[in-house]
Amino acid sequence: QVQLVESGGGLVQAGGSLRLSCAVSGGTFSTSAMAWFRQAPGEQRELVAAMTSGGSTNYADSVKGRFTISRDNAKNTVYLQMNSLKPEDTAIYYCAGSRYSGTYYYPGSYGYWGQGTQVTVSS
């Protein structure tokens, strides 16, 4: 049974930084594509950043240059470093994992999800 547990969310002022972590148990983490999505109230869930098992990354245009996704296969953990945060980054952030190794942009491509962690950026 694959489980994903996020941590690191919270309240931060605009311009600040947060690092989200997602610890994965079960499955084969090192061969799995991982991603971070977010969902604001009344909005659809959107891709923030994705990483293939080989380390290739993709980012939403809105976060390029500010957010960085990374993974530590020894710790079965994926991270999202968020810098220069803006109020529009406020959302619940979800970690997602795939059984496959490529680049996937849509929530339906990921079979495993964490419970979400709230990120609130005040102006």
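The values are calculated or read from the model by the stated rules, or taken from the named source; none is laboratory data. Since this is a predicted model, take the numbers as computed values, not measurements. Here Cβ is always computed from backbone atoms with ideal geometry, including for glycine, and neighbour counts include all displayed protein chains. Protein only, heavy atoms only, side chains kept; ligands, DNA and RNA dropped before computing areas. Shrake-Rupley method; radii C 1.70, N 1.55, O 1.52, S 1.80 Å.
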(message) Looking at segment 72-123 only, could you name the residues that are in a loop (DSSP other than H, G, I, E, B), of a type in the set (A, V, I, L, M, F, W, C) and open to solvent by 50 Å² or more (accessible area, probe 1.4 Å)?
(response) Ala74
(request) Using the structure shown, decide if Ser32 is surrounded by 17 or more Cβ atoms within 10 Å (Cβ to Cβ) and more than 16 Å from Thr68 (Cα to Cα). (result) yes
(request) Tell me which residues, restricted to segment 35-51, are crowded, with 20+ Cβ neighbours inside 10 Å and either of a type in the set (Phe, Trp, Tyr) or part of a loop (DSSP other than H, G, I, E, B) (or both). (result) Trp36, Phe37
(message) Out of everything in segment 55-71 that is in a loop (DSSP other than H, G, I, E, B) and of a type in the set (Lys, Arg), what residue ends up being surrounded by the fewest Cβ atoms within 10 Å (Cβ to Cβ)?
(response) Lys64
(request) Would you mention how many residues in segment 5-27 are closer than 12 Å to Tyr112 by Cα and part of a loop (DSSP other than H, G, I, E, B)? (result) 2
(request) Give the residues of segment 23-38 that are among the aliphatic types (A, V, I, L, M) and touching a residue at least 60 places away in the same chain (Cβ under 8 Å), sorted by residue number. (result) Val24, Ala33, Met34, Ala35
